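In what follows, a structure is listed as structure tokens, so that the remarks can point back to it.
The values are calculated or read from the model by the stated rules, or taken from the named source; none is laboratory data. Only a predicted model underlies this, so the values are computations on that prediction, with no experimental measurement involved. Virtual Cβ from ideal backbone geometry, glycine too; neighbours counted across all protein chains shown.
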Amino acid sequence: MELSVKLQVFEGPLDLLLHLIEKNKIDIYDIPIVEITAQYMDYIKQMQEEDMNVMSEFLLMAATLLDIKCKMLLPKEVNEEGEEEDPRAELVQKLLEYKMYKYMSFELKDRMVDAEKNFFRDKNLPEEVKDYRPPIDYETLLGDMNLQKLNEIFENLLKRQEDKVDPIRSGFGKIEKDEIDMDLKTGYVSEYIKGHKRCSFKALLEKQHSKMEVIVTFLVILEMMKTGKIDIEQDGTFEDILITAKE
């Protein structure tokens with residue numbers, strides 16, 4: 001059978017196969033391989049294209065068709081599920097995918113052509129029109145609103161703000177950081193102990209004015225005891241601690 005087609009009409013072997021199937025009105029799920037292969041080979045013989053890259057694609061498809069034709073003559077293979085395998089299944093799947101992409105490309109091309117027909121006019125509105133703002137109708141805006149309703153809304157807003165306040169944390173005072181100079185406190189404690197020779201630890205702490213001063217004084221006493229500048233003694237548990245300065 002002679003075909004009056006040219007290579008440049010088709011974009012590849014799948015395009016040619018799809019053309020032959022549509023031309024012969026063949027069910028793509030039941031391709032008569034013998035007839036299609038014969039028409040395909042007739043087209044290959046008429047090709048005048050010298051580009052071997054393109055030619056190799058068509059020859060590869062021709063080999064695939066001949067391979068399928070040979071498998072159709074042999075007993076059908078059975079898969080693991082016990083069903084007979086169709087040698088044309090893979091080719092049919094490729095043709096369906098190519099057909100879908102081809103029609104999608106046609107749709108995108110039509111949309112591009114339609115988009116070229118749209119034109120947009122530049123904005124040329126007068127400045128007074130651009131700056132125009134419709135007047136506010138306060139009667140429509142307020143509606144049936146009155147002072148009583150506005151007061152109720154205001155009270156509801158205040159109540160919401162009060163509900164957000166943590167009743168426990170809101171009673172906490174502000175914690176301020178006490179700045180205590182360690183060197184000054186060390187000098188003060190040393191002079192105090194030297195002036196009294198033997199003093200009460202409790203009496204020393206009672207002279208401090210804040211909790212932070214008590215803590216710093218306690219640390220100074222520990223450091224002086226560690227360096228051997230003072231001696232510490234206590235007659236019994238919970239008794240007062242006595243501090244003695246060393247010579």
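The figures follow:
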| item | result |
| --- | --- |
| Qualifying residue in segment 61-74 (condition: at pLDDT 80 or above, farther than 18 Å from Lys94 by Cβ and small (Gly, Ala, Ser)) | no |
| Matching residues in segment 73-91 - criterion: being surrounded by fewer than 16 Cβ atoms within 10 Å (Cβ to Cβ) and assigned to a helix (DSSP H, G or I) | Leu73, Ala89, Glu90 |
| Identity of the residue in segment 151-181, part of a helix (DSSP H, G or I) and at pLDDT below 80, that ends up farthest from Ser210 (Cα to Cα) | Arg160 |
| Cross-chain or 6+ apart pairs with Cβ under 8 Å, segment 23-45 first and at negative phi, then acidic (Asp, Glu) and surrounded by fewer than 12 Cβ atoms within 10 Å (Cβ to Cβ) | Asp42/Glu2 |
| Among the candidates Lys102, Lys117, residue that is surrounded by 10 or more Cβ atoms within 10 Å (Cβ to Cβ) and either at pLDDT 75 or above or among the hydroxyl-bearing types (Ser, Thr, Tyr) (or both) | Lys102 |
| Residue in segment 96-116 that is over 30 Å from Ala38 (Cα atoms), basic (Lys, Arg) and part of a helix (DSSP H, G or I) present | yes |
| Any chance Ile36 is surrounded by 13 or more Cβ atoms within 10 Å (Cβ to Cβ), within 51 Å of the chain's Cα centre (by Cα) and either at pLDDT 80 or above or of a type in the set (D, E, K, R) (or both) | no |
| Residue list for segment 198-217, restricted to those being in contact with a Ser or Thr (Cβ under 7 Å, 6 or more places away or on another chain) and either loosely packed, with under 14 Cβ neighbours inside 10 Å or in contact (Cβ under 8 Å) with a residue 60 or more places away in the chain (or both) | Arg198 |
| Search result, residues across segment 92-105 that are over 13 Å from Asp27 (Cα atoms) and either in contact (Cβ under 8 Å) with a residue 24 or more places away in the chain or more than 40 Å from the chain's Cα centre (by Cα) (or both) | Lys94, Tyr98, Lys99, Lys102 |
